[in-house]
Amino acid sequence: MSAFTGSADWYDLIYAVRGKDYAAEAAWVDAQLPSTPERRTWLDVGCGTGEHLRHWCQRHDVAGVDQNASMLQVARAKLPDVPFVEADMRSLALGRTFDVVTSMFASVAYLPNAGAVSDAVQAMAHHVAPGGSLCIEPGVFPESVQPPVDQVTRFEGDGVVLERRTSTSI
């Protein structure tokens, strides 16, 4: 879970360079869920730097959870009016429910095994209000990766040179 601790300040730039469209993703998820006047509260688990929440907070009363304090620091700077909680998604216990609970961008894929994923899903489900929705974006399935997959993301500008190299193996 500490994979992004050292890169939290650069996280948004990395994914902007790679073309991640948080606005479109947030709008798509919002459109898939039942549209009712009761759907007002929204919890994003594994919220990272809060980019999805930045879009959902325009229409909903939102909150975010992440285990990574560095990511939450970035999120809080962007969204000072949004409550953020540092917690492990496997043992999440906020003492309240939400109309919508999401876990985006394959956050569950960073868990160590199937038992941990099951624990996280159960903990998230306990935070869904009656009649509410739980939406979890899954990780990448091994059969969809043809190893080796190497990616290089490079950005130069504003006095910054950033290069991120990743390699996927199964």
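Looking across the range 23-66 at every residue that is hydrophobic (A, V, I, L, M, F, W, C), part of a helix (DSSP H, G or I) and under 17 Å from the mean Cα position of the chain (by Cα), the one that is surrounded by the most Cβ atoms within 10 Å (Cβ to Cβ) is identified as LEU53.
Condition test on GLN73, is it surrounded by fewer than 19 Cβ atoms within 10 Å (Cβ to Cβ) and either touching a residue at least 12 places away in the same chain (Cβ under 8 Å) or assigned to a strand (DSSP E or B) (or both)? When the stated conditions are applied, GLN73 passes them. Every condition in (1) in a helix (DSSP H, G or I); (2) open to solvent by 30 Å² or more (accessible area, probe 1.4 Å); (3) over 30 Å from GLY159 (Cβ atoms) is met by LEU13 except one, and the failing one is (3). Return yes or no: is PHE141 more than 30 Å from PHE98 (Cβ to Cβ) and either at pLDDT below 90 or open to solvent by 50 Å² or more (accessible area, probe 1.4 Å) (or both)? No; evaluated as a whole, the condition is false for this residue.
To keep it simple, each residue is scored yes or no on (1) on the phi > 0 side of the Ramachandran plot; (2) of a type in the set (A, V, I, L, M); (3) modelled with pLDDT under 95.
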{"site": "HIS52", "(1), (2), (3)": "no, no, no"}
{"site": "HIS55", "(1), (2), (3)": "no, no, no"}
{"site": "HIS60", "(1), (2), (3)": "no, no, yes"}
{"site": "ASN68", "(1), (2), (3)": "no, no, yes"}
{"site": "GLU86", "(1), (2), (3)": "no, no, no"}
{"site": "SER91", "(1), (2), (3)": "no, no, no"}
{"site": "SER103", "(1), (2), (3)": "no, no, no"}
{"site": "PRO112", "(1), (2), (3)": "no, no, yes"}
{"site": "VAL117", "(1), (2), (3)": "no, yes, yes"}
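For the range 76-98, the tally of residues that are polar (S, T, N, Q) and assigned to a loop (DSSP other than H, G, I, E, B) stands at 1.
Take the conditions (1) open to solvent by less than 80 Å² (accessible area, probe 1.4 Å); (2) at pLDDT below 70; VAL128 misses just one of them, which is (2).
The values are calculated or read from the model by the stated rules, or taken from the named source; none is laboratory data. It should be emphasised that the depicted structure is a prediction, and the values quoted were computed from it without experimental measurement. As a convention, Cβ positions derive from the backbone with ideal geometry for all residues, glycine included, and neighbour counts pool all protein chains shown. Ligands, DNA and RNA are stripped out before the accessible areas are found, and what is left, the full protein with its side chains, is counted by its heavy atoms. Shrake-Rupley method; radii C 1.70, N 1.55, O 1.52, S 1.80 Å.
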